[in-house]
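The values are calculated or read from the model by the stated rules, or taken from the named source; none is laboratory data. Because the structure is a prediction, the values reported are computed rather than measured. Cβ coordinates were reconstructed from backbone atoms using ideal geometry, including for glycine residues, and neighbour counts include every protein chain displayed.
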Amino acid sequence: MDFKALVENRHEYAKAWKAKTGGKVLGWYEPYFPEEVAYAAGVLPVRIMAKHYSDNVSDKWIYGCCYPVRDMVNQFLKGHYDYVDGLVNTEGCQWMYNAWEVSVNNNAKLFNHYMFVPDHTDAPTSKTVLRSELNVFKGRMEEWTGKTVKDEDLDLAIEIYNKNRLLLKRISELRRHDRPVIYGAEMMNIVLACQVMDKAEMNEILEKFIPELEAREAGPDRIRLMLIGSETWDTALEEMVEELGGDIVVDELDNGTSYYWNNVIPQKDRLMAIGLKYLGRPKNPIKDNNWRRRPQHIFELAEDYNIDGALVVKQIYCHLHGTDNYAVWKILRERYIPYHFFERDTTLPIEETRLRLESFMNMLKPGVTRLVGWHKQGVFGG
């Protein structure tokens, strides 16, 4: 199965889904969007993704911010998302909020909704606040679609989404092997495809794919890397790492492992159960402003997947990751994990990035760290 093609052809897929079902397509931006509620209303939730399209319009509406936001605005203004019937933004990145705002202001026909998600996700009142927001959103979905969302609809949506996350987790476990049968680029394309396709259909694809994956011959021994930082929208970096003899065996990105890491635990109050799932997901910088859980989660992933080094990659102009990186670098230094930091812009500067990656990975080759183990014995300081 060519999952990269599924991601690249996501617009055609959504249009075909609309033609086949007569349903509505709802675009979403932030990782705290409760897809289950929209899916229970018969809507197809699709993540709005940035790509590298030529841009000569976004500066009129939004400037001085990261390329994904500008590109999303560019795509909407040029009609790439003309099949989308509505847009939802959940509280998070303010630049992403601006992308949502510009897009809906330029298309009066779009259904639009803003959902507040507490930044302090661990506060005593956060679950009640989010449950209230979910109830409002459910009402908006019913009004928009003309369908009453019953408990049975929510139960089915929760079951389908939980199954999807479990299938992704099952594939992710295969990456813990010394010689994984699946590399980082393919895994990221699988996860991205799950964010733009009908989950029930994707579950069928994954159930057929996993036995084929488990029957693969293990690849050669590679340098095991972890990807930390801003969201990604393509696999250019992962592919470059693989060309140089490495493999990103795990990540902690919002649209990577964090997307499928925890499940909804069913309870009588379905909206509360959904809200607790999203409040309990791995923290990103904007939601990790009290107890600082993100650095420890990063270290646990690094340990579980037995990494040799980490790539800390920040989207240029991303203030959230910029201010959070000090805590990430601190724990990597304290745990003697070698890392390399760089920024993404509109596209990866190919030769510069290749040179920097190759230099860093040369430090991690057998005989330097992996046999001697100096980065795990307290000699390396970051």
Q: Report, by residue number, each residue of segment 315-336 that is free of Cβ contacts under 8 Å to residues at least 40 places away in the same chain and of a type in the set (A, V, I, L, M, F, W, C).
A: 327, 331
Q | Filtered residue count, segment 150-202, keeping only those that are among the acidic types (Asp, Glu), over 20 Å from residue 238 (Cβ atoms) and assigned to a helix (DSSP H, G or I) | A | 6
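Table: residues versus (1) more than 23 Å from residue 267 (Cβ to Cβ); (2) over 20 Å from the mean Cα position of the chain (by Cα); (3) of a type in the set (A, V, I, L, M).
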{"position": "38", "(1), (2), (3)": "no, no, yes"}
{"position": "53", "(1), (2), (3)": "yes, yes, no"}
{"position": "76", "(1), (2), (3)": "yes, yes, no"}
{"position": "79", "(1), (2), (3)": "yes, yes, no"}
{"position": "98", "(1), (2), (3)": "yes, no, no"}
Q | All positions within segment 214-236 that are at pLDDT below 95, of a type in the set (A, V, I, L, M, F, W, C) and more than 18 Å from residue 177 (Cβ to Cβ) | A | 233, 236
Q) Checking residue 200 against (1) surrounded by fewer than 20 Cβ atoms within 10 Å (Cβ to Cβ); (2) touching a Phe, Trp or Tyr at 6+ places or on another chain (Cβ under 6 Å); (3) of a type outside the set (Val, Ile, Thr), which single condition isn't satisfied? A) (2)
Q) Which one of the conditions (1) modelled with pLDDT under 95; (2) farther than 17 Å from residue 104 by Cα does residue 23 fail to meet, given that it meets all the rest? A) (1)
Q: Kindly indicate which of 246, 256 is in contact (Cβ under 8 Å) with a residue 12 or more places away in the chain, small (Gly, Ala, Ser), under 18 Å from residue 192 (Cα atoms) and surrounded by 22 or more Cβ atoms within 10 Å (Cβ to Cβ).
A: 256
**Q.** Filtered residues of segment 6-17 (kept if in a helix (DSSP H, G or I) and within 16 Å of residue 47 (Cα to Cα))
**A.** 6, 7, 8, 10, 11, 12, 13, 14, 15, 17
Q | Filtered residues of segment 131-152 (kept if surrounded by 17 or more Cβ atoms within 10 Å (Cβ to Cβ), over 30 Å from residue 293 (Cα atoms) and touching a Gly at 6+ places or on another chain (Cβ under 8 Å)) | A | 144, 145
(Q) Can you go through 273, 310 and tell me which one is touching a strand residue (DSSP E or B) at 6+ places or on another chain (Cβ under 6 Å), crowded, with 16+ Cβ neighbours inside 10 Å and not hydroxyl-bearing (Ser, Thr, Tyr)? (A) 310
(Q) Name the residue that is surrounded by the fewest Cβ atoms within 10 Å (Cβ to Cβ), counting only residues in segment 318-368 that are over 22 Å from the mean Cα position of the chain (by Cα) and among the aromatic types (Phe, Trp, Tyr). (A) 336
Q) In segment 97-130, which residue that is buried (at least 17 other Cβ atoms within 10 Å of the Cβ) and of a type in the set (D, E, K, R) is farthest from residue 75 (Cα to Cα)? A) 127
Q: Scan segment 285-314 and report the pairs whose first residue is farther than 21 Å from residue 224 by Cβ and whose second residue is hydrophobic (A, V, I, L, M, F, W, C) and part of a loop (DSSP other than H, G, I, E, B), with Cβ atoms within less than 9 Å and a gap of 6+ or a chain change.
A: 285/318; 286/93; 287/117; 290/123
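Can you spot a residue in segment 176-184 that is more than 19 Å from the chain's Cα centre (by Cα), crowded, with 18+ Cβ neighbours inside 10 Å and not aromatic (Phe, Trp, Tyr)?
yes
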Q) So which strands (runs of 3 or more DSSP E) stay within segment 222-332 end to end and still have 1 or more residues that are among the acidic types (Asp, Glu)? A) 246-251
Q.
Being closer than 14 Å to residue 228 by Cβ and in contact with a Pro (Cβ under 8 Å, 6 or more places away or on another chain) is the requirement here; does residue 320 meet it?
A. yes
Q: Could you grab me the full set of residues in segment 136-149 that are free of Cβ contacts under 8 Å to residues at least 40 places away in the same chain and over 21 Å from residue 117 (Cα atoms)?
A: 143, 146, 148
